[in-house]
Every structure is written in structure tokens, then in C-alpha cells.
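A quick write-up on the structure given underneath.
The values are calculated or read from the model by the stated rules, or taken from the named source; none is laboratory data. From a predicted model like this one, the values you see are computed outputs, not experimental measurements. FYI the Cβ positions are ideal-geometry reconstructions off the backbone, even for glycines, and counts take in every protein chain you see. The protein model used for the area step is the full one, side chains on, heavy atoms only, and it has no ligands, DNA or RNA in it. Shrake-Rupley method; radii C 1.70, N 1.55, O 1.52, S 1.80 Å.
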Amino acid sequence: MEAIDWKNLPFGYIKTDYNLRSTFKNGKWSSFEVSNSEYIDIHIAATGLHYGQEAFEGLKAYMGKDGRIRLFRWNENAKRLIHSAKGIIMEPVSEAMFKEAVLKVISLNKRFVPPYGSGASLYIRPLLYGSGAEVGVKPSSEYTFIIFVTPVGPYFKGGVVPVNMLISRDVDRAAPQGTGTFKVGGNYAASLRALLAAKHGGYASTIFLDAKEKKYIDECGPANFFGIKNNTYVTPKSESILQSITNLSLVQLAEHLGMKTERRPVPVTELPEFEEVGACGTAAVISPIAKIFDPADNKVYEYCKDCIPGEKTMMLYRKLVAIQCGDEPDPFGWITIVE
Ligand code: PLP
Ligand code: COI
């Protein structure tokens, strides 16, 4: 293999040695096929291609100083994939099957787990889609589950360097009572116009508002939003956002570190009150936000002086990363060691 520059890895795709595949046919899942191909053979009428019957997950494994590989909260991702599968009427993958796949695919690709201290990690991407042929709009009777890994660096350039975000006023990602809580490809397709507009404007990402009233903050592109004020970690409660596992963990950590937490609707009008704001997710980890621009009234909200992330944001970031890498004990039972 060509030498990988671990310290400068982008959040991108690099071919690894093996991926796993299983198919649900005639009422049962096949045992996993280990493949070294990056390609799949797919029926031209598969529902995953035509009607968006597709969901995925994203989780990470980290190399510790002790040379052991640590996997973060796989069971939460397993539960969320089941939630997504049920949401678009796909055959779910059981937690046990999900666990078997994650542990096996990491073990088979150990040489791609970035070294301790590189700032990079192994990103694990489980994918589930309708692979049976249908032409009418109905759920498939056949499903395929694939899991691959790829080593990644930070999602937002520079890692914990504060970024600027643009509020999306003319594109919605998901509707209340729609598919926003499911991790389905269609939500990401729906977000692309807004993401590109933000990128063209020089912003790292977009902030989506609730689609019904455009009054409340939903989430930040592929990450959840949080704001901090008066020692309180505040994060949106909404029917149209993905329940982030990183966010769930930050709420627990904030409480553990003596902060108060609130999960409730967050109006845009509250933005000036926050002392610190950020985006969080598996890919993004924590990305502090320096500036938010709202095109509705040309308002700019600023949070970082001299590009320095806020103190509470950094406290949460350091604690999370220390647990993920095994530098600090894991009092919450979040880590599974991969043998
Ligand atoms: N919101 C969206 C739309 C995402 O794609 C992600 C990434 O998975 C998140 C939030 C963050 O969720 P998690 O922390 O579970 O990765
Ligand atoms: C993740 O954080 O795992 C995501 O899924 C974000 C993304 C790259 C879609």
C-alpha cells in the first residue's frame, strides 16, 4: 500500500482491503461475504436506485496510546439504522448483526486505523438499501447490507478551527413529520443546493431552519447545532433533525462537567444571546462556529475573538476526544475494544 499521510488526511475515500456484504432474500439474511471489490452488482430496477430506499450510518474507531482500537457507541448507530430502516419500510439489520459486521470489518482492515496522535480515525460506513426489482412504488422484498471503512481526517478543514455558517432561507432539508430523523440518502440530496450555495459564499456549511415556520434552528448541514450560555448547553429539539450520537454524548458530558443542559426549540432570535456556538457530529466531531450570517435581515452573529474557540466548547471537545482515544477513562460505557 502507498504510504498514507495520516496527519493530512482529508475527510474522503481511500480504498481499504475488505468490505462485507449480506443480502436479505426469502425472509433471511445471508452470512457475510468478505469482498475486496469496491463495486456492487445492482439490479437496474432496485428500489434503492429509483425510490430512495436507502439508509446509512457513520461511526468511528480510534487507535489508543496503548495500541488498542476503540470503537465509539456502535449500539447507538445500530439502533438508529433500525429506526431509519423502519422509517422507509426496509428490512432492519439486528443490533447483533450490526455489531458482528462492525467488529469484523475493522479487524479485517486494522492496518488502516490511523495511528494515535495523528488526529485521524477510521470511519465506518454501514449502508442498507432495497436491492430487489420493483417498478411500482412499493417497498422491495430484497435488501442488501454493506459495510466498508476508510481512514479520515477532520470533516471541516483545520479540525477545531472555528468556521462560518450561512442560514439557509430558501432550501429546506426535511419537513416535520417527514424523513428528517432517518439517516436516508434523500435528506442529503435535498441538502445539496443549500450546501453548495453556502460553499460558494465562502461558508463551511449551512444552518437549516424548521421548514414550517422558519423560526427555529434545526441543524448544521451534516451535524447538530448547539449553543452555550450561562453555563448551559442548549441544543434544538425538532421533529426534522437527525438525533446525533455525538450531541447525545456532549449533553451527558456537559452534565458530568457541571453544566446545565436544555433540549428545546431554539429560535433564531436567541442567537445573539449565546456565548459560544458549534456544530457536532461523528464526521465533524465539534466544529466551533465563528460567524453566522442570516440573509433574511443581513445580520451577522459573531462568536469567536481572533479565531479562538470558546472555553466551554474546548472543554467538551477535549473530554470527548480523550474518552474516544482512551486517554481518559470511559465512565459511560461508550467504548468497545476491537480485538
Ligand atoms: N445531522 C446530520 C444530518 C448528520 O448527517 C449527522 C451525521 O451523522 C449528524 C447530525 C451527527 O450525528 P452523529 O453525531 O450521530 O454522527
Ligand atoms: C457523519 O457524521 O457520520 C455523517 O454521516 C456526516 C456525513 C459525512 C454525511
For the chain, size of Cβ-based charge dipole, Lys and Arg +1, Asp and Glu -1, in debye: 180 debye
Kindly report the accessible area of the range 163-325 per residue (heavy atoms of protein chains, probe 1.4 Å, no ligands, DNA or RNA), in Å². 42 Å²
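What does the charge dipole of the range 163-325 about its Cα centre add up to, to the nearest 20 debye, if the Cβ of each Lys and Arg holds +1 and the Cβ of each Asp and Glu holds -1?
Working: 19 positive and 18 negative charges, 58 e Å.
It works out to roughly 280 debye.
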Carbon/sulfur accessible area of the chain, % of total, 1.4 Å probe, equals 52 percent
Rounded to the nearest 0.05, what FRET efficiency is calculated for T232 and A296 with R0 set to 30 Å and r the Cβ-Cβ distance? 0.70
For K214, give me every one of the aspartates and glutamates with a C-alpha distance below 13 angstrom, ignoring sequence neighbours fewer than eight places off in its own chain. D170, D172, D294
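Please count, across the range 42-120, the pairs of lysine residues with Cα atoms under 16 Å apart that sit 8 or more places apart or on different chains.
Final tally of qualifying lysine pairs is 6.
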In a Gaussian network model over the chain where Cα atoms closer than 10 Å are linked, find which of A133, A55, A296 has the largest mean-square fluctuation. A296
log10 of Debye I(q)/I(0), alpha-carbon scatterers only, for the chain at 0.07, 0.13, 0.16 Å⁻¹: -0.29, -1.03, -1.47
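Are any of the pairs K7/K260; K183/K319; K7/K212; K291/K319 more than 32 Å apart by Cα-Cα distance, and if so, which?
Details: K7/K260 35 Å; K183/K319 27 Å; K7/K212 43 Å; K291/K319 24 Å.
The answer is K7/K260; K7/K212.
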Kindly provide the Kirkwood hydrodynamic radius of the range 163-325 in Å, to one decimal, from all pairs of distinct alpha carbon atoms. 15.7 Å
Using DSSP to define loop residues, name the GluC sites (Glu not before Pro) in the range 191-276 whose beta-carbon has at most 15 other beta-carbon atoms within 10 Å. E213, E239, E275
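Over all alpha-carbon pairs in the range 194-251, figure out the percentage whose distance exceeds 17 Å.
Pairs farther apart than 17 Å: 44 percent.
From the C-alpha gyration tensor of the range 6-152, pull out the three semi-axes of the equivalent ellipsoid (sqrt of 5λ each), sorted largest to smallest, in whole Å.
On the way: eigenvalues 173, 45, 35 Å².
Whole-Å semi-axes of the equivalent ellipsoid: 29, 15, 13.
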